[in-house]
Each structure stands twice: as structure tokens, then as C-alpha cells.
Amino acid sequence: MEYIYAALMLHSVGKEIDEGNVTGVLKATGADVDSVRVKALVSALEEVDIEDAISKAAFSPSVSGAKVEEKKEEKEKVEEKKEEKEEKEEEEKEESAIEGLGALFG
């Protein structure tokens, strides 16, 4: 993630996003720099309009917020089913224990 942050910082101050600049920013932060990752990032960003990507990302939270809510509802349903299963298993254990006691006294 720090590689992307370095590229965004360079973009925000109007500097060219190249291997030397990205490496310089990362080294300045004390990060261990992987030159392969730097090359991959610079290569991947050559065709990207960063301003456009940033503006599109501004709309993502509302979409991802809906997805988060959907995931939350799915998780709640799974938890409810799990609780129902546990309750059913507990009832079956109690019934089994009662039957066992009935055999002792019956």
C-alpha cells in the first residue's frame, strides 16, 4: 500500500511518477524498497489518468457501503442459522438424557 501512497504523493505535488521518485519517497519513509514492485507500479500507472481514478473512487464508498450492509445481513443470517442449530442440538441432548433417565426408572 505504501507504494501506491508514494505515487499519490508524487502526483499531488506535481512530480513525475517514475522509479527514481517512487524509490526516493519510499526510502525517505524508512520503508524497505522492492525494486520489482516499484517497476510494476510505475508500469501499471503509465496508462492511468490518476485524477479520473481519484474522482471515480470518491463514488465507491456508497457502493461499497451497500455491499458492506449486504455482507452484514448475510453474516447475521448465518449466525441465526448457527444459533438455531445449536439450540436444536441442545434440545436433542436434553431429550436423550431424559430418555436415559426414564430407562433407569421405567
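The values are calculated or read from the model by the stated rules, or taken from the named source; none is laboratory data. Everything quoted here is computed from the prediction, not taken from an experiment. Note: ideal-geometry Cβ built from the backbone for every residue, glycine included; neighbour counts use all protein chains shown. The accessibility values were calculated without ligands, DNA or RNA, using every heavy atom of the protein model including side chains. Shrake-Rupley method; radii C 1.70, N 1.55, O 1.52, S 1.80 Å.
If the cut-off is 16 Å between C-alpha atoms, which lysines fall inside it for Lys39, apart from same-chain ones fewer than 8 positions away?
Result set, ordered by chain and number: Lys27.
May I ask you to order 41-47, 73-79 by the average number of other C-beta atoms within 10 Å around their residues, highest value first?
Most protected by this proxy first, the peptides run 41-47, 73-79.
What number, in percent, do you get for the relative contact order of the chain if the mean sequence gap of Cα pairs under 8 Å and at least 6 apart is divided by its residue count?
17
Given a Förster radius of 25 Å and the C-beta distance between Glu95 and Lys75 as r, what FRET efficiency does 1/(1 + (r/R0)^6) yield to the nearest 0.05?
Once the sixth-power term is evaluated, E becomes 0.25.
Quick one: what are the phi-derived ³J(HN,Hα) couplings along segment 89-96, Karplus 6.51/-1.76/1.60 with θ = phi - 60°, whole Hz, x for glycine and proline?
Each residue of segment 89-96 in turn: 4, 5, 4, 5, 5, 5, 5, 5 Hz.
Straight-line reach only, C-alpha to C-alpha below 28 angstrom: list the lysines that Lys82 could link to, leaving out same-chain residues fewer than 8 apart.
Lys67, Lys71, Lys72, Lys93
Could you report the accessible area of Ile54 in Å², rounded to 10, computed with a 1.4 Å probe on the protein chains as they sit in the structure?
About 80 Å², rounded to the nearest 10.
Mind listing which chymotrypsin sites (Phe, Trp or Tyr not before Pro) in segment 1-101 are in a DSSP loop and have 16 or fewer other Cβ atoms within 10 Å?
Loop-located and lightly packed - Phe59.
Counting only protein heavy atoms and using a 1.4 Å probe, what share of the accessible area of segment 1-51 belongs to carbon plus sulfur, as a whole percent?
53
At 1.4 Å probe radius, can you tell me the per residue accessible area of the chain in Å²?
83
With each pseudo-label sitting 7 Å past Cα toward Cβ, what's the Asp52-Arg37 distance in nm, one decimal?
2.8
Evaluate the relative contact order of segment 1-56 (contact order divided by residue number), counting alpha-carbon pairs under 8 angstrom at least 6 apart; express in whole percent.
Relative contact order of segment 1-56: 32 percent.
Which translational diffusion coefficient, to the nearest whole µm²/s, is obtained for the chain from the Stokes-Einstein equation, given a Kirkwood hydrodynamic radius over C-alpha pairs, 20 °C and 1.002 mPa s?
113
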